[in-house]
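The next block holds one structure in the form of structure tokens; read it before the comments.
The values are calculated or read from the model by the stated rules, or taken from the named source; none is laboratory data. Bear in mind the structure is a predicted one, so any value in this text is a computation, not a measurement. Here Cβ is always computed from backbone atoms with ideal geometry, including for glycine, and neighbour counts include all displayed protein chains. For accessibility, only protein heavy atoms count, side chains too; no ligands or nucleic acids. Shrake-Rupley method; radii C 1.70, N 1.55, O 1.52, S 1.80 Å.
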Amino acid sequence: MASLELYFEPMLTSRQRLLCRMFWKKCKIEQFDDIVKQINYLQECFELPDPSEVFAILDYCYVYDNRYQCQVCRQLRRVNSPLELKQTIETPWRCKSCLLLTA
């Protein structure tokens, strides 16, 4: 997805960063089953012994959707699951911190 920005923890290797890019940028995830298939595919592709290792690597990748920027602080919307990308968000959007300040 072109609207996603990925940020990595410095400890990730270039190979692990590639895994994250493949998961977030190249796959078309429509439902939970697609996520499972993608995790299994990445496990095989990167020759990891267990699917949990794919999740462990993905935990060190921070994903932001640049289509939504908080109208107050300009922070981009953080995405924790590909399924969150399917949700429609009210615009103008506010992050949780700024939403609490105005409530």
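With protein chains left intact and a 1.4 Å probe, residues in region 17-103 average 67 Å² of accessible area per residue. Charged neighbours of residue 101, selected by a Cβ distance under 15 Å, balance to +3 (K, R count +1; D, E count -1).
Sequentially through region 80-86, phi angles give Karplus couplings (6.51, -1.76, 1.60; θ = phi - 60°) of 9, 9, x, 5, 5, 6, 7 Hz, Gly and Pro residues having no value and appearing as x. Structure remark: mean-square fluctuation, Gaussian network model of the chain, C-alpha springs under 10 Å; the largest value among 75, 87, 43 belongs to 87. Between residue 14 and residue 62, residue separation times 0.36 nm minus the direct Cα-Cα distance comes to 15.8 nm.
The Cα center of region 8-25 and the Cα center of region 42-103 differ in position by 15 Å. Counting 0.36 nm for each residue step from residue 35 to residue 53 and taking away their Cα separation leaves a gain of 5.0 nm.
Taking a sphere under 12 Å around the Cβ of residue 39 and counting the other residues whose Cβ falls inside, with K and R at +1 and D and E at -1, yields a net charge of -4.
Of the GluC sites (Glu not before Pro) in region 46-102, which ones lie in a loop per DSSP and count no more than 14 other C-beta atoms within 10 Å? Those satisfying the criteria are 47, 90. Across all Cα atoms of the chain, the radius of gyration (one decimal) and Dmax (whole number) stand at 15.2, 49 Å. Ligands, DNA and RNA left out, the 1.4 Å accessible surface of the chain is 51% carbon and sulfur atoms.
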